[in-house]
Every structure is written in structure tokens, then in C-alpha cells.
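Notes follow once the structure below has been shown.
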Amino acid sequence: MLNYALDDVSEFQVTGMADKINKSRADTSTIWGGRFADGPDALMEAINASIDFDKRLYAQDIRGSKAHAAMLAANSIIDPADEAKIQQGLDTILDEIETGAFSFKAALEDIHMNVESRLAELIGDAAGRLHTARSRNDQVATDFRLWVRDVIDGLSSEMQRLQAVMIGMAEAHAATIMPGFTHLQTAQPVTFGHHLLAYVEMIGRDRGRLADCRRRLNESPLGAAALAGTSFPIDRGMTAAALGFDGPMTNSLDAVSDRDFALEFLAAASVAGMHLSRMAEELVIWTSGPFGFIRLSDGFSTGSSIMPQKRNPDAAELVRAKVGRIIGSLNTLLIVMKGLPLTYGKDMQEDKEPVFDAAETLGLCVAAMRGMLEGAEACPDRMLAVASSGFTTATDLADWLVRVLDMPFRKAHHVTGELVKMAEDRGRGLEDLSLADMQGVEAGITQEIFDVLGVENSVASRRSFGGTAPDNVLAAVKVARARYLEGMDGHD
Ligand code: ARG
């Protein structure tokens, strides 16, 4: 958008924006320029303006202003007639913005001044009373908290929808056997439903982290004014309640300078994104030819321009990659905030874009993951084939030796290792060894051992709490529904 040579400011070109900036210099000085003879330099405006991104806060800004005006009037700080004009003007502005009729001006810097300036156009002098006992510092902190709060609510319900899809799949695949991995080496057979429910738990904690963040952020900065509070007899409890906050923030300096609510949101979003990225990576692996555990729908696959056989899992790859932006946003804001003295510094205007971007990215990733899973088809035959190879029931064999022959586990591990080696040398599975072969290694082994060598028996036996047995999965599905989906409307 910007195209200028740093050593020659006169070459400053902004597509469409330079004109607007230069034309509206005069407007700026009427807002805060009582002691300024000259308007700001065009480059100053370019670096200073945040309206391009903070216009997203319009609804919260207007909501906050309406609550503030009502409180000012209720406490006889402004006249009821002025308050009525302010309320009406703010409603008009909300409508103008929502219908696209509002013209945002870069010269008016940010959303707060754009709204206030338009209010003056609409209602005249009364508009100037709205900013009594308030500063943009407490105003922006309030708007931003309200915005993050709304976003948390939206994201949490998107994440719940994703959980609902996973829980449904888990139920359908409670007994579908797949290989479980450690080190991405086939380890023990598990059920696909159990694997899916692992993510349901992760997402449950992710939602919990967002809820924690929401609980802590839900205090109102409004009325902290610039930093020190105000001499007007305001009622911070009243504005806090009107905006759905639990109460006013305790310390005015903290109220205008705290951004840890945004950092907590980004941290929670990063962890949630990290989980989605792991799941995305599994989809990439599972959809690959050699695995073939999952087939994504046409709607979530892309073709190759040169290789007709390809079905690429681009959405999964992008979820895996996009999470980098969320984690990057957390880093960005931590770096912006570290080392800032109390209280407000303009640095803090840089808090918004990372949060906006992270929120949007996470929302898209959650929705794309849901879309992929909704249309995905599992390939149980492939899963079973891989689960049955690679001696995945070796632990079951060792456990049998412990349970039936009362062998110490370490010794059982050793005996099993010898049997695995024997099977491997013969190019067979453990269950293909003869009883005589096995008894050659450990005389106490009986025919019954074959019962535990099949993968079905293996998973069915893992009934310990939290284990992978199909019965456990079905029970866990019920618990997950009650725990995570209760109160969900329409999405299940
Ligand atoms: N646009 C500003 C921001 O987002 C609003 C607060 C400006 N405050 C100030 N003292 N200049 O941080």
C-alpha cells in the first residue's frame, strides 16, 4: 500500500490514502490540536493512524460510549438532553457503519476519533461532552477487552462444533482398530475412536484456557481516564455493569496499561492452534499413499496440475502452517509490551493487529478442521493391516507372561524380545509362530497365549480407566457429550 523512498519524503505515495490524509489535516487539529499551529506531516499520519485496522472495534466503541454517556447523565455530569442527543447520534453512527455509509478518515487516526468527529457533525456541541471524564486510553482498553471477550465466545462455540464432529466420529469408530504410535513407530493397536477423543480432550482444555482468560479479562478499565482517574463523580460500577463486566478494574494505572488479557488470549490461541496443527499433521500423514488411513472429501482435497492421481490435503497443510501466525502474534505482542514503562504508550496501539489476525486465523483453522473431518472417510482395512503388522501385540505377550506365569515384567520383556526376533527372522507375525517355537524360548507358554496376540483382543483388553478398549470409548463418548456439548444448540 505504501510506496515511498525513505530519503525523499516528497515521493510519498499512498494509493488513495495520501490525498485523504492531506485533505483532512485540518480535521485533525480540531480534535486535539488546540496548541498545534500546524497539522502533522503526512508520514506522521501514516505511521500514527490505526483506523485501517481498529475500525473493527466500532461496535464495542459505540457500546462503551453509550454506557459512558448514560453514566455521565445519571450522575449529573452531563445534561439529560445532551445525553439523549449523544445516544441518538451514536445509534445513527452504528447504523451508518453497518450499512457501509460511514466514511472512515485516516486523518482522524483511530476509531475513537472517527466516531467522535462524526458525532459532532451529527449533533453539534453536545458531542464534545461525551469525552468528559474519559480518555482514549481507558476507552481503547475497554473496547479491546470487549472485542476479545466476544471473540472468545465465538471461538469457543466453533471449537465446540469441532468437538461435536469428533465425538460423533469417535462413536462410529469406537471399535475401529488402528495402529497407535510412539516415535511414529507402530507401538500398540488402539481404536480410532480413542484417538479422536484424545483431541476432544485437548480442545476441551483449550476452551478452558479461553474461559479462564475471559474470566480474568472481564473487568472494566472505563473511568480510569488517561491514567490517574478523574475528579468527576463518575460511577465506574455502573458502566462496568452496563457492559457486562464483573466490576471495574481496581487500579487506574493498571487499567490503561494492562495488555496481559490480550497476551493470555494469544497464549491460549497458540496452544489451541498447536493442537490443531498436530491434528493437521496427522491428517497429512493419514491421507498419504503409504498410510491411506483417511480419505478427505473432494471438497477438501486439491488436485495437482501435473500428476492426475494426486489428492492433496492442502487445507490440513495450511492449518499446520497458519498456526505459525498465531504463535508469531503472541511473540509480537510480548515484544511490544516488554520494557514499556507504565502507563499507556503508543506502542500499545500495535496490540491490535496481532490479536485480530490470530483470532481470524484460529477461527478459520477450527472451521477448516471441522469441514475436513465432516467429509472424511476412514479406511478401516488399511488401519487394521498396519495395526496388525510390526509386532504391535508384543506388550500383550509380555503382559501375559507376567499375568499367567507370574514372571517379573523385566524378564517377560526379555523373553518377548527373543520371540519378536524369532518372528522377524522368519518374516512372520508373532501370532504365526507355533506353540512349539514359543515353548523353545519359554517352556511355560501354553496355547492360551494366542488369545492375546490378535489386535482385537489386545484393544478389547485395555479396559483400564482412560484406555482404548471399544467399551471404554463408547462410555467416554457419553461422558464427552455431557461434558463438552451440553447446552449446545443446533450443532450436534
Ligand atoms: N488508537 C490508540 C490505540 O489504539 C488509542 C489510544 C490513544 N491514546 C493516546 N494517548 N494517544 O492505542
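Kindly count the pairs of lysines across the chain whose alpha carbons are less than 21 Å apart, treating pairs on different chains or eight or more residues apart as eligible.
So the count of such lysine pairs works out to 15.
Please rank Ile326, Ile123, fewest neighbouring Cβ atoms within 10 Å first, as an exposure proxy.
Working: Ile326 26, Ile123 21.
Sorted ascending by nearby Cβ count, the order is Ile123, Ile326.
Only counting other Cβ atoms within 10 Å, I'd like His68, His275, His414, His183 sorted with the fewest neighbours first.
His183, His414, His275, His68
Given an 8 Å cut-off on Cα distances and at least 6 residues of separation, report the relative contact order of the chain as a percent.
After rounding, I find 16 percent.
When the helices in the chain are scored as -39500 (n - 2.57) per DSSP H run of 4 or longer and the sum is shared across all residues, what 222 nm value do you end up with, to the nearest 500 deg cm²/dmol?
After summing the helix terms and dividing by residue count, I get -19500 deg cm²/dmol.
Please list the non-local residues whose amide H lies under 5 Å from the amide H of Ala187, H modeled 1.01 Å from N, same-chain partners needing a gap of 5 or more.
Gly180, Phe181, Thr182
Can you tell me the 0 to 90 degree angle between the C-alpha axis of helix 136-172 and the longest principal axis of the chain, rounded to 10?
20
Ranking Met238, Met44 by Cβ neighbours within 10 Å, fewest first, what do you get?
Lowest count first: Met44, Met238.
Give me the dipole magnitude in Debye, nearest 20, for the chain about the Cα centre, with unit charges on the beta carbon: positive for Lys and Arg, negative for Asp and Glu.
Here the size comes out at about 600 debye.
Tell me, what is the FRET efficiency for Lys411 and Asp381 to the nearest 0.05, using R0 = 35 angstrom and their Cβ-Cβ distance as r?
0.40
Every number here is computed from the coordinates shown, using simple stated rules; none is lab data. Only a predicted model underlies this, so the values are computations on that prediction, with no experimental measurement involved. We place every Cβ from the backbone using ideal geometry, glycine too, and count neighbours over all the protein chains shown.
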